[in-house]
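**Q** Mind looking over this structure? Questions follow.
The values are calculated or read from the model by the stated rules, or taken from the named source; none is laboratory data. Everything quoted here is computed from the prediction, not taken from an experiment. Every residue, glycine among them, receives a Cβ derived from its backbone with ideal geometry; neighbour counts consider all protein chains shown.
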Amino acid sequence: MVAKHSGNRREFMTHRAKVVIIGAGPAGSIAAALLLKKGYQVTVLERDIFPRFCIGESLLPQCMEFIKEAGMLEAVKAANFQLKTGAVFINNRCSAEFDFVDKFNDGFNYTYQVQRDRFDTLLAEQAISFGAEIHWQTTVIDADFESGLPTLTIENKTGHSDQIEADFVLDASGFGRVLPRLLDLETPSNFPHRQALFTHIEDRICEDNYDRNKTYILVHPEIKDIWYWLIPFSNGRCSLGVVGESTLFESIDSDNTLAFKKLLGVEPNLSRLLNQADFDTPVQSIGGYSARVKSLYGDGFALLGNAGEFLDPVFSSGVAIAMKSASLAADILDRQFKQETVDWQTEFTEPLQVGVETFRTFVQAWYDGRLQDVVFFQRQQNDRQMATIRELLSSVFAGYVWDKNNPYVKNPESRLRTLVEMCRNPDLN
Ligand code: FAD
């Protein structure tokens, strides 16, 4: 349905949709698919045209649950992405491997490492095949939630503006953070300003004991809160990145490419693994990505994925949280449209925060060194207690952070405190 009316200065075409989703990343496409399955018309507005580059390539097994729920599992399985079965952590003393088959809960024990240009295109195409209408190169530039129906002002690539009204808006705009900015919802993150330098390389790794089915997380030999990721893809290439506080990086070199090379050069395991690699792609940088909002919902809208909150890349939690928020929102919206009484605080924000808080505790403990002491703790052989703990930790690393049967989800801070004490003082236990 299209109507024409005049605003103060400009004349807009006004389009009408049941649900508008801003952004066609994982949160947007999964939300679109779930709402379409429930019978609602969905319009997605996407600033870019896909495929487009996006960082965030290592999925967690928990993501597979939402991909399955959205009816996209077969397509994702058929796409020949790199299998991922766990993570290897390495510091200057030792390495520690966590395998998802060891996790304590049921559910997927594998996932994929995905080039996000391909992965996000696949999910968006799936959503289109279920009936989603995606408007590419359409940027949301303004929003009105005060007079009548929620109304967004959009601009296409030629600079032409229109408006679109909807019963409800889901903001899945990622780091675009459209509604947090327009509605003044942003609030500072309590994490420091960190930065990631990263690239894609032809890795040519040929070491026998290198496991291509794992993500590698390596700690800087001297500075514990600088860490590296090595995420292999199925085509012989990999994503390689380093994360640390921005001020530290600047002190190493003001040029990102030189800082990246210097940081790689001091990590002996990476230098060895990548000694044949072809660094054929420019180094990119992203910083200050941790973000929060005052509220994840309001009258006529909810925030999904990174548009709501982003913690940190270290445990690859971003896409899992994005998909969980999409799944929760689609269920509540369905009931709201059926005139049932819903409460976005207790049915959306609070359940979502269970997993976010678990990851927040783990991220905090990673950077202050406590979790590193746990991860690299050398267990005695036949230590049954430690084996059980590792199963519980594997579940968290697999992204099953909404399973309150796991004590590290139910009481992350106190459980972790006890565990850290145990690992730091093993003789006392
Ligand atoms: P996005 O995937 O960012 O999608 C948002 C979409 O909205 C984009 O396509 C964008 O073009 C569109 N958009 C933006 N503004 C507008 C607008 N005004 N109008 C219309 N459309 C708009 N996560 C992981 O799970 N695993 C990892 O290994 C991982 N590594 C990371 C490494 C780094 C350094 C960083 C910073 C993040 C990492 N993440 C990782 C996080 C991950 O990138 C995000 O959490 C994830 O992409 C969020 O998905 P989303 O759907 O919310 O947003």
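**Q** Among the residues of region 208-216, are any within 12 Å of the ligand (Cβ to nearest atom), at pLDDT 95 or above, farther than 30 Å from residue 272 by Cα and out of contact with any Gly (no Cβ under 6 Å at 6 or more places or on another chain)?
**A** no
**Q** With the checklist (1) over 23 Å from residue 330 (Cα atoms); (2) assigned by TED's automatic domain parsing to the domain that holds residue 31; (3) not charged (D, E, K, R) in hand, flag the one item residue 166 doesn't pass.
**A** Going through the list (1) over 23 Å from residue 330 (Cα atoms); (2) assigned by TED's automatic domain parsing to the domain that holds residue 31; (3) not charged (D, E, K, R), residue 166 breaks only (1).
**Q** Filtering region 372-422 down to residues that are among the polar types (S, T, N, Q) and free of Cβ contacts under 8 Å to residues at least 40 places away in the same chain, which residue is surrounded by the fewest Cβ atoms within 10 Å (Cβ to Cβ)?
**A** 381
**Q** Just checking, which of 360, 335, 379 is within 18 Å of residue 411 (Cβ to Cβ) and either in a loop (DSSP other than H, G, I, E, B) or among the basic types (Lys, Arg) (or both)?
**A** The conditions single out 360.
**Q** Would you tally the residues in region 271-287 being closer than 23 Å to residue 120 by Cα and part of a loop (DSSP other than H, G, I, E, B)?
**A** Final tally of qualifying residues: 3.
**Q** What residue, among those in region 247-266 that are within 19 Å of residue 217 (Cα to Cα) and not aliphatic (A, V, I, L, M), is surrounded by the fewest Cβ atoms within 10 Å (Cβ to Cβ)?
**A** 265
**Q** Looking only at residues in region 175-188 that are buried (at least 17 other Cβ atoms within 10 Å of the Cβ) and under 19 Å from the mean Cα position of the chain (by Cα), which one is farthest from residue 250 (Cα to Cα)?
**A** Across region 175-188, the extreme among qualifying residues is 179.
Table: residues versus (1) out of contact with any helix residue (DSSP H, G or I) (no Cβ under 7 Å at 6 or more places or on another chain); (2) closer than 23 Å to residue 197 by Cα; (3) more than 12 Å from the ligand (Cβ to nearest atom).
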{"site": "23", "(1), (2), (3)": "no, no, no"}
{"site": "41", "(1), (2), (3)": "yes, no, yes"}
{"site": "44", "(1), (2), (3)": "no, no, no"}
{"site": "53", "(1), (2), (3)": "no, yes, no"}
{"site": "62", "(1), (2), (3)": "no, no, no"}
{"site": "67", "(1), (2), (3)": "no, no, yes"}
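**Q** Further question on the same structure: Would you say residue 49 is of a type in the set (A, V, I, L, M), within 13 Å of the ligand (Cβ to nearest atom), surrounded by fewer than 24 Cβ atoms within 10 Å (Cβ to Cβ) and assigned by TED's automatic domain parsing to the domain that holds residue 318?
**A** Against the criterion (of a type in the set (A, V, I, L, M), within 13 Å of the ligand (Cβ to nearest atom), surrounded by fewer than 24 Cβ atoms within 10 Å (Cβ to Cβ) and assigned by TED's automatic domain parsing to the domain that holds residue 318), residue 49 qualifies.
**Q** Does region 25-38 include one or more residues that are crowded, with 16+ Cβ neighbours inside 10 Å, modelled with pLDDT of 95 or more, assigned by TED's automatic domain parsing to the domain that holds residue 121 and charged (D, E, K, R)?
**A** No, the conditions are met nowhere in region 25-38.
**Q** Determine which member of the set 179, 258 is in a helix (DSSP H, G or I) and either farther than 30 Å from residue 135 by Cα or hydroxyl-bearing (Ser, Thr, Tyr) (or both).
**A** 258
**Q** For region 144-155, state whether one or more residues are in contact with a His (Cβ under 9 Å, 6 or more places away or on another chain) and at pLDDT below 95.
**A** No, region 144-155 has no match at all.
**Q** Oh, and also: Filter region 300-326 down to the residues that are assigned to a helix (DSSP H, G or I) and either near the ligand (Cβ under 6 Å from one of its atoms) or aliphatic (A, V, I, L, M) (or both) and list them by number.
**A** 305, 306, 307, 318, 319, 320, 321, 322, 323, 326, listed by residue number.
**Q** Same structure again: Quick one: is residue 195 of a type outside the set (D, E, K, R), touching a helix residue (DSSP H, G or I) at 6+ places or on another chain (Cβ under 9 Å) and more than 26 Å from residue 123 (Cβ to Cβ)?
**A** Yes, satisfied.
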